[in-house]
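The values are calculated or read from the model by the stated rules, or taken from the named source; none is laboratory data. All values reported here derive from a predicted model rather than from experimental measurement. Heads up, the Cβs are rebuilt from the backbone with ideal geometry, glycines too, and the neighbour counts pull from every protein chain shown. Quick note on the areas: whole protein, heavy atoms, side chains included, nothing else; ligands and nucleic acids left out. Shrake-Rupley method; radii C 1.70, N 1.55, O 1.52, S 1.80 Å.
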Amino acid sequence: MVEPATTPIADHGAIGNLETIALVDTTGCIDYLCWPCLDSATVFARLLDIDKGGHFAIEPDLPDARVVQMYLPETNILMTRWMGAQASIDLVDLMPVGNADEDVPSRLVRRITCTRGEATIRIRCAPRFDYGTEGRTASVTGREAEVSRGRFDHECGLALALHAKASLVADGCDLTAEIVLAEGDTVSLVLSNPDDVSLDAEALDAVVEKDIAYWRTWSRQSLYRGRWRETVERSAMLLKLLTSRKHGSIAAAATFGLPEAPGGVRNWDYRATWIRDSSFTVYALLRLGFQDEAVGFMHWAMDRAQSCSKGHLGVMYALDGGEVASERKLDLNGFEGANPIVVGNDANGQTQHDIYGALLDATYLGSKYGEPLAHDSWQAIIRVVDHVCDTWRDPDSGIWEVRGPDKEYLHSRLMNWVAVDRAVRLAQKRSLPAPLVRWSETRTEISDDIWANFWNDDLGRFVRAKGDTPEDKAVDGALLMMPLVRFIGPTDPKWLATLKAIGDDLSDDGQVYRYRIDDGLPGQEGTFVACSFWYVECLARAGRLDEARLNFEKLLAHGNHLGLFAEEIAQDGTFLGNFPQAFSHLALISAAFYLDRALNDGGPRAWA
């Protein structure tokens, strides 16, 4: 079966049902899955611990076969293909979504088809529950017609059904099978809850066809017709996978524990909804014409705003809107030995002022392109903006969640300006009651403060933080947001000087680090994918279209074989950080959208 070696992060595709996400590697092995929800405990986590994590392997006996992976067109249904001299095998993996108005059981469906010749298929389903701490005894409960069923003795309940003329075999904590397939044969495996009904071949065919129809109907809502269309729409499909159909929240990433520095301690849990990341995701989806997801998130966000105390929002929330747990260590070895592995996130108690700007920008756009704000939602927004007016001068932890003393960061100050600016615009556009005099005066005060305290005459550029230390005077990848949120013109000489400094100090052949400072943690991070795409967009807005396009194409070449990105890219081109990452893909969409229009128009449009 599967050799005891770590599969690179990039060698994975993602499937999901808008409740959870599984990762399938290029050997056909599912080595990551939380069940039944994205923020539940894992049942497969071999990606984080080869020995204890658990996996679900399907291995054709075709040792010399060429293996390729692809998504079925316009879907999140993954196909892995083995093409050998004596046989070819197709594996189709999906987690059916079903209709919003029906109670569909959570299912993982794996369909194996022999398209040529004859091959032996070995199967091992080896769940390890509760983050690898438990592997309960497996048992086979008998066959019904051509369905062999097995289950795992665990309170959360999981059962495996094999639809074939073969039997499952209990092997300790695992269920195994060995099947011989000839040309035209198809077998199916369905992992679901023990009380799920058995499906015959015809019913399974209907489930697959229904899921294909669901994803194609969704993807065809996209209004994007520009260059890189398939790449942009794949990014949109990924953002959709990270969206909770039940709650409307949007996860930052599918995983936890994947390292931002090789072998180091930067191993965080991103299975939560960051107000910032999700708000940016709304912006990306609205640009492409996906209104329902934007409206769903805004409803979720307004519920948080209405329930928060005096307009103070949390940095992040659980997918159901509850609190994110504090960090606790797991007994997992970590990806390539990077540990400790933690679940929960201690950044949940930080102050990050930039979240308000991201939320108000999304609210402004959602009201413009989605649906108008309800009265109670606007009252909550008033409290949020009043809170910003009261606190914008306060230090915070910043966008990068530095685990050290709070500072006055330029990016936080900038996004406070965005929060008040968008609130003023929204109130004026929709004739909403608001303390416009106070808000307008605060907007001016924040702008004046940025120019007075974050522009450094000696350096001839903006600096990342207010203070006297060399690190405070460093540049920061987050400053790339300055023209993107329309605080400064993209061709303003002072901005161009800052852009040059970012290119000189943070860019490695177009790939951009978020900072180069001592943040108190050991290990060297990779370049930050979102910053790299922001850099592309800033170059395009500055009129440097040839450079922007070349950098963009180089970045796309660093995506994996399916067009997916993690959070960071190491110097050797390997993926670092949690995967797939929403921030990376929403920045890709924004850069592609602007760059395509600028190329069509023969030059940049400053405020497009």
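So which GluC sites (Glu not before Pro) in the range 104-204 pass both tests, a DSSP loop state and at most 10 other Cβ atoms within 10 Å of the Cβ?
Values: sites: Glu118, Glu134, Glu144, Glu146, Glu155, Glu178, Glu183, Glu202; in loops: Glu146, Glu155, Glu183.
Listed in order of number, the matching sites are Glu155.
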So what are the ³J(HN,Hα) numbers for the range 113-119, from phi and the Karplus equation (6.51, -1.76, 1.60; θ = phi - 60°), rounded to whole Hz, Gly and Pro as x?
10, 8, 9, 6, x, 8, 8
Taking just the alpha-carbon atoms of the range 257-414, what radius of gyration and Dmax come out, in angstrom?
16.9, 52
Length gained, Arg229-Val485, 0.36 nm per residue minus C-alpha separation, equals 89.7 nm
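Test of the criteria: in the range 374-460, which GluC sites (Glu not before Pro) are in a DSSP loop and have at most 11 other Cβ atoms within 10 angstrom of their Cβ?
Qualifying residues, ordered by number: none.
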According to a simple spin-label model (label point 7 Å from Cα along Cα-to-Cβ), what is the distance in nm between Arg516 and Thr469?
1.8 nm
Separation between Cα centres of the range 17-91 and the range 495-574, rounded to whole Å:
30 Å
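At R0 = 35 Å, how high is the FRET efficiency between Glu327 and Thr217 if r is their beta carbon distance? Nearest 0.05 is fine. Don't skip to the end; give the middle numbers.
On the way: r = 40 Å, r/R0 = 1.14.
It comes to 0.30.
Just reorder Met70, Met415 by solvent-accessible area, largest first, 1.4 Å probe, all chains present.
Working: Met70 80, Met415 0 Å².
Largest to smallest exposure gives the sequence Met70, Met415.
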Assign one of three labels to the range 333-390, namely rounded, prolate or oblate, based on the Cα gyration tensor with a ≥ b ≥ c the square roots of its eigenvalues; rounded applies when a/c is under 1.5, prolate when it is not and a/b is larger than b/c, and oblate otherwise.
prolate
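Where does each of Thr26, Thr137 land when they are ordered by accessible area, with a 1.4 Å probe and the largest first? Can you show the working numbers first?
Working: Thr26 40, Thr137 90 Å².
Descending accessible area places them as Thr137, Thr26.
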Nearest-10 value in Å² for the accessible area of Arg227, using the 1.4 Å probe:
70 Å²
Report, in debye and to the nearest 20, how large the dipole of the chain comes out about its Cα centre when Lys and Arg carry +1 and Asp and Glu carry -1 on their Cβ.
1720 debye
Label-point separation, Val67 to Lys165 (7 Å along Cα→Cβ), nm:
2.8 nm
Pairs of Cα atoms under 8 Å, at least six residues apart: use those to get the relative contact order of the chain, whole percent.
12 percent
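Between beta-carbons, use under 13 Å as the cut-off and find the net charge around Arg225, counting Lys and Arg +1, Asp and Glu -1. Please report the intermediate quantities before stating the final value.
Values: positive: Arg220, Arg227, Arg229, Arg287, Arg597; negative: Glu230, Glu233, Asp596.
Summing Lys/Arg as +1 and Asp/Glu as -1 gives +2.
By its C-alpha gyration tensor, with a ≥ b ≥ c as the square roots of the eigenvalues, how is the range 356-417 shaped: rounded for a/c under 1.5, else prolate for a/b larger than b/c, else oblate?
Values: a/c = 3.06, a/b = 2.03, b/c = 1.51.
It is prolate, given that a/c is not under 1.5 and a/b is the larger ratio.
On a 1.4 Å probe surface of the protein chains, which of Asp421, Asp130, Asp572 comes out largest in accessible area, and what is the full order?
Solvent-accessible surface, decreasing: Asp572, Asp130, Asp421.
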Mind pulling the angle between the C-alpha long axis of helix 529-541 and the longest principal axis of the chain? Nearest 10 degrees, somewhere in 0 to 90.
50 degrees
In Å, what Kirkwood hydrodynamic radius results for the chain from the alpha-carbon pair distances?
25.1 Å
Proximal lysines relative to Lys407, as straight alpha-carbon distance under 25 Å, when same-chain residues fewer than 8 apart are discounted:
Lys310, Lys466, Lys473, Lys494, Lys500
What is the helix-to-structure angle for 545-557, meaning the angle in degrees between its Cα long axis and the longest Cα principal axis of the chain, kept from 0 to 90 and rounded to the nearest 10?
30 degrees
For Asp185, other-chain or 5+-apart residues with amide H closer than 5 Å (H placed, Pro excluded) are Cys114
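Which shape class, rounded, prolate or oblate, goes with the range 173-293 when its Cα gyration tensor gives a ≥ b ≥ c as root eigenvalues, a/c under 1.5 marks rounded, and past that a/b bigger than b/c marks prolate? Before the final figure, lay out each step's value.
Details: a/c = 2.02, a/b = 1.34, b/c = 1.51.
Here the range 173-293 falls in the oblate category.
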Provide the net charge surrounding Pro262, with neighbours chosen by a C-beta distance below 12 Å and charges set as Lys +1, Arg +1, Asp -1, Glu -1.
-4
From the residues Thr469, Trp300, Val67, which one has its Cα farthest along the dipole of the chain in the positive direction, the dipole being from +1 and -1 charges on Cβ of Lys/Arg and Asp/Glu about the Cα centre?
Trp300
Treating the angle as unsigned and between 0 and 90°, give the value, to the nearest 10°, between the Cα long axis of helix 582-601 and the longest Cα principal axis of the chain.
60 degrees
Potential lengthening between Asp196 and Ser40 on full extension [0.36 nm per residue; Cα-Cα distance subtracted]
54.2 nm
Keeping all protein chains in position, work out how much accessible area Asp396 exposes to a 1.4 Å probe, and write it in Å² to the nearest 10.
0 Å²
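Sum -39500 (n - 2.57) across every DSSP H segment of at least 4 residues in the chain, then divide by the residue count to get the 222 nm mean residue ellipticity, nearest 500. Don't jump to the answer; show the numbers that get you there.
Numbers: 14 runs with 203 residues, N = 608.
After summing the helix terms and dividing by residue count, I get -11000 deg cm²/dmol.
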